[in-house]
Amino acid sequence: MSSRHICALLLIGWFGLPCSLSTLVTVRGQELGQVSGNPVNGLEPVLFASRSSSNWHFEIDFIARTNFASNTWLKITNRIGSRLRLWWTNGVEITSTNPSILAINQLPARMSVEALMQGVRPRSRRGTQWLWTKQGMPVAATTFDLHEFYNIPFTNDFEIKLAPLLYRVDTNHSTARLVEFPPIQLKLLSSGQVERVSGE
C-alpha cells in the first residue's frame, strides 16, 4: 500500500489526525490530505491534489462503503477519469482543445464490457481496468497532471470542478452503465493550498 493510501486511512479515522503529505489540502480552514466526494451506490470518491512548480497533480481514489464483487466496477479508459472544467477566479472558463478533454463528453451511457476492454492497450493491461475494491480501503483509479490537458501556466488562482466517472457492470456481467459522481469543486491557490468551494 502506498504512503498516500496509508495517509488516507489515517485521515478517515484510525487515529483521527492529519498526516504529512508533500502538499496539504485546506478544506474550510483545516489542513487535510484528501477531499472526499459524495458516495454513489456505496462507493465514495476521494480526490488528492498537490502543486509543484507551475503544475497541479491529481489522483482520484475510491473507497467502498460496502462489499462489492470483484467484477462490479470498471475504470473509464480516459486518463482524466472525470468530467473536468476550469475557471479563472473572475469566472471566465478556461477551455481546452485536448482530445482527452473533448472525448470525455462522448462516453456512451451504456456499453459492453468487451467493447470497453478492446479500448485498453496493450492487451496485457486489461486486467488493471477493473477497480478492485475492499470495504473501507482506498484504491486509486487514475492520476493526471493538469498541464497535460491545458496549455496555460498554473501560476495564478483558479477553480476546478471534477465529476468522477466509472462504469458499473450489470448483473448480466456483459454490459455496463456509466456512473457520474457528484462534482467536487475546489479553488486552487498559487500558494499550493486548496479550498473547497461552498455548496459542493
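Before moving on, here are some points about what is shown:
- The stretch between Ala115 and Trp88, if pulled fully straight at 0.36 nm per residue, gains 6.0 nm over its current Cα-Cα span.
- Per-residue ³J(HN,Hα) for the range 106-121, Karplus 6.51 cos²θ - 1.76 cosθ + 1.60, θ = phi - 60°, Hz, x for Gly and Pro: 9, 5, x, 5, 9, 7, 7, 4, 4, 5, 4, 5, 5, x, 8, 10
- Set of aspartates and glutamates near Lys187 by C-alpha distance (under 19 Å), chain-local residues within fewer than 8 positions excluded: Glu31, Glu59, Glu93, Asp145, Asp157, Glu159, Glu195, Glu200
- Chain lengthening between Asn38 and Ala69 when straightened (0.36 nm per residue, less Cα-Cα): 9.0 nm
- In sequence order, the range 182-193 has phi-based couplings of x, x, 10, 10, 10, 9, 9, 9, 4, 6, x, 7 Hz under the Karplus curve 6.51 cos²θ - 1.76 cosθ + 1.60, θ = phi - 60°, and Gly or Pro positions carry x.
- Shown for Ser36, Ser82: other C-beta atoms within 10 Å of each C-beta, ranked fewest to most, produce the order Ser36, Ser82.
- Of all lysines in the structure, those lying under 20 Å Cα to Cα from Lys75, and not within fewer than 8 positions of it along the same chain, are Lys134, Lys161.
- Inter-part distance, the range 54-97 to the range 119-173, computed on C-alpha centroids, equals 6 Å.
No lab work stands behind these numbers, since they all come straight from the coordinates. These numbers were taken from a predicted model, which means no experiment stands behind them. Cβ coordinates were reconstructed from backbone atoms using ideal geometry, including for glycine residues, and neighbour counts include every protein chain displayed.
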